[in-house]
Each structure stands twice: as C-alpha cells, then as structure tokens.
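I have placed the structure first, in the form of structure tokens, so that the comments after it can refer back to it.
The values are calculated or read from the model by the stated rules, or taken from the named source; none is laboratory data. These numbers were taken from a predicted model, which means no experiment stands behind them. Note that each Cβ is placed from the backbone with ideal geometry, even for glycine, and that neighbours are counted across all protein chains shown.
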C-alpha cells in the first residue's frame, strides 16, 4: 500500500528502539524508549500560503534523517510497519 501525505504533512518511519545499553545490558520491552528520530519516507505538497495561494516548499526532503518532538505526529501501521504522519513544525532538526 502506498501513502501520499497531503498538504503540509510528512510520513516518517521511526528508528528502531535501542536493544541494549552501551555497556551491553539487554533492555526488556517495557524499558525501551520510543526513539525521537526517524527517516522521511514521503512528503506532501507543502504548506499553502493563504495570501498568494502558492505552496511553500519543505525544508526537509524524502530520505532525510530527522529529530522530532516526543509526542509528534499520529502513529499509523502500513503493511506491518509503523509510521508517523506529522507536520514539519514537529521536526527539530536534520541528522547528517
């Protein structure tokens, strides 16, 4: 199934949760934090400028790895994969 975000929305695949600590201790499912980073899978058309009627392009693009806020977006499941649909305002930065 393909999903194309509309308007100013982005489709982001969250990074995998850390399986063990740096010292080698394996973490149980209940102790794992959901990562606040992911990869942009698809982008919408951009935000609409109400004064001119033109679309404002995104500063991020498909394939960028990004950091986002803790409660960003709406979680959806597509073909047994979990994604987030969020706006560009939820993104804090791009990871190089």
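Some values worked out for this structure:
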{"read-out": "Filtered residues of the stretch 40-61 (kept if free of Cβ contacts under 8 Å to residues at least 24 places away in the same chain and part of a loop (DSSP other than H, G, I, E, B))", "value": "49, 50, 51, 52, 53, 54, 57, 61"}
{"read-out": "Residue satisfying all of: in the stretch 62-96; part of a loop (DSSP other than H, G, I, E, B) and in contact with a strand residue (DSSP E or B) (Cβ under 7 Å, 6 or more places away or on another chain); surrounded by the most Cβ atoms within 10 Å (Cβ to Cβ) among these", "value": "72"}
{"read-out": "Residue match in the stretch 31-42 (condition: closer than 14 Å to residue 83 by Cβ, surrounded by 10 or more Cβ atoms within 10 Å (Cβ to Cβ) and modelled with pLDDT under 75)", "value": "yes"}
